[in-house]
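Remarks on the structure that follows.
What follows is calculated from the coordinates using simple rules that are stated; it is not laboratory data. Note that the structure is a prediction, hence the values are computed from the model and not measured. Neighbour counts run over all protein chains shown; Cβ positions are idealised from the backbone, glycine included.
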Amino acid sequence: MSKVEVIRSMFGHNEWANDQILETASKLSEEQLAEQSELCPKGITDTLGHAVSTQIFWLAEWEKEGSFEMSMIQGISGLDAIKSRSAESHAAMGKFIEDLTEESCERPITPPKWWGDTPGLEIPLWHVMMQVVMHSMQHRAEVAQALTAAGESPGEMDYIGWAIERNKGDWAK
């Protein structure tokens, strides 16, 4: 399996799992969504907004380094705005990934200054793309715990469940 195939698969799962979390979050009140806890220190809404903003930031950087503007993530407050921006972000990410090649996966990405002590570092694009998926996974886990504690479990979000659902016809003997 090529890097491009792995990336497409991981981002496919990421979108599916994010949609599951957002659908489950819709069952809670705004107060419950904003509540901070040990399980989800920023609260569900702010954590989801952060995860979506991260994906928006990185996609802008991958498309054209230095093109990100804070206005791209401002106004992402409240679950409806998060759902809308998440759908837009996943659609744009899908288009970006469609054009990905093995060669473009190796394109060097310069980390932003806020990443810490990284002067002169150039990271292959595919590593940063995987970071975006893993970052989203971490925050989904926090939100899933908070949703479950509030009585609304998002259910299983395992990669293999998504993969079987998508490939059952091809994998069945």
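Side notes on the structure shown:
- Relative packing of 163-169, 52-58, 35-41, which averages over residues the other C-beta atoms within 10 Å, highest first: 52-58, 35-41, 163-169
- Residues whose placed amide H lies under 5 Å from that of Cys40, excluding near-sequence neighbours: none
- Helix-derived mean residue ellipticity, 222 nm - over the chain, DSSP H n ≥ 4, -39500 (n - 2.57), to 500: -21000 deg cm²/dmol
- Sites Thr118 and Val6, calculated FRET efficiency, Cβ-Cβ separation with R0 25 Å, nearest 0.05: 0.55
- For Ala34, neighbours were defined as the other residues whose beta-carbon sits under 13 Å from its Cβ, and their charges (Lys and Arg +1, Asp and Glu -1) total -3.
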